[in-house]
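Asks: Sending over a structure as C-alpha cells; questions will come in a sec.
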Amino acid sequence: MTIFSKIIEGQIPSFKIGENDKFYAFLDIFPSATGHTLVVPKIETDRLFDLPDDYLDGYLTFCKPIALAIQKAFNANRVNILTIGFEVPHAHIHLIPMNGMDDVHNLLHKQKPGMEELKAVQEQILKHL
C-alpha cells in the first residue's frame, strides 16, 4: 500500500481539498508554491496512462474546480499541471499555481511550511471551491 493510499484511507492525516468516488486531492506538505495540491486516483497505479479510461476521462474534470479555487485563492496567473514524481509508485497530478516562467525554477525548491500555515492554505482554497 502506497503512502497515498494510506492518506486516502485516513491512516495518515492530510489537508484534504476534495474527494469523490475516484479521486482524492490534498495539499503537498513540501510544496513548490503556496497552494500546491496533489490529486491522486483512489486505485494504485504507478503510471498515469495505465489508469482505466474512465479515470483518465474524469481526472481533469475533477481537477478543474480545485485549480480554479487555487488560482483565485492565491491570485495566480494560472495553475499548471505536472505529472512529475517518481518517489511514490502511485499515479498523481500536481496542481501548482504559477505567475510566469520564472516560477519553473522553483519547482525543485521545496518549501517546508508548518501545520498552521498548511491549514490556512487549505482554508483559503476551500473558501473558493
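Asks: Tell me, what is the per residue accessible area of the range 35-129 in Å², probe radius 1.4 Å? Please report the intermediate quantities before stating the final value.
Replies: Working: 5830 Å² over 95 residues.
That works out to 61 Å² per residue.
Asks: In the chain, what percent of the accessible surface is made up of carbon and sulfur (1.4 Å probe, ligands and nucleic acids excluded)?
Replies: On the way: 4070 of 7480 Å².
About 54 percent, which is the carbon plus sulfur part of the accessible surface.
Asks: Using only the Cα atoms of the chain, construct the convex hull and provide its projected area averaged over every direction, in square nanometres to one decimal.
Replies: On the way: hull surface 29.7 nm².
For the chain, the mean projected area of the Cα convex hull comes to 7.4 nm².
Asks: Let me spell out the model: positive unit charges on the Cβ of Lys and Arg, negative unit charges on the Cβ of Asp and Glu, origin at the Cα centre of the range 1-115. What dipole size does that give, in debye rounded to 20?
Replies: My answer is approximately 440 debye.
Asks: Which whole-angstrom value gives the distance between the alpha carbon centres of the range 79-129 and the range 1-62?
Replies: Result: 13 Å between the Cα centres.
Asks: What are the semi-axes of the equivalent ellipsoid of the range 54-123, taken as the square roots of 5 times the eigenvalues of the Cα gyration tensor, listed largest first and rounded to whole Å?
Replies: Working: eigenvalues 80, 54, 44 Å².
Semi-axes (√(5λ), whole Å): 20, 16, 15.
Asks: Working out 0.36 nm times the residue gap between THR45 and GLN124, then minus their Cα-Cα distance, what length gain in nm do you get to one decimal? Could you put the intermediate results ahead of the total?
Replies: Values: separation 79, 0.36 × 79 = 28.44 nm, distance 3.04 nm.
So the extension gain works out to 25.4 nm.
Asks: Now, a different point. What does the charge add up to near LEU129, with Lys and Arg as +1, Asp and Glu as -1, over the other residues with Cβ less than 15 Å from its Cβ?
Replies: Working: positive: LYS16, LYS64, LYS72, LYS127; negative: GLU19, GLU123.
Combined, the nearby Lys, Arg, Asp and Glu give +2.
Asks: Here's something else I'd like to know. Under 20 Å between C-alpha atoms is the cut-off here; go through the chain and count lysine pairs that meet it, provided they're at least eight residues apart or on different chains.
Replies: Step by step, the pairs that qualify in the chain add up to 20.
Asks: I want to verify the translational diffusion coefficient of the range 1-71 in µm²/s; compute it with Stokes-Einstein, Rh as the Kirkwood radius over Cα pairs, at 4 °C and 1.567 mPa s.
Replies: Roughly 102 µm²/s, to the nearest whole number.
Asks: Rounded to the nearest 0.05, what FRET efficiency is calculated for GLU19 and GLU116 with R0 set to 25 Å and r the Cβ-Cβ distance?
Replies: Values: r = 23 Å, r/R0 = 0.92.
Computed FRET efficiency for GLU19 and GLU116 comes out at 0.60.
The values are calculated or read from the model by the stated rules, or taken from the named source; none is laboratory data. Every value quoted in this text rests on a predicted model; they were computed, and no experiment measured them. Counting neighbours? That spans all protein chains shown, and the Cβs are built from the backbone with ideal geometry, glycine included. For accessibility, only protein heavy atoms count, side chains too; no ligands or nucleic acids. Shrake-Rupley method; radii C 1.70, N 1.55, O 1.52, S 1.80 Å.
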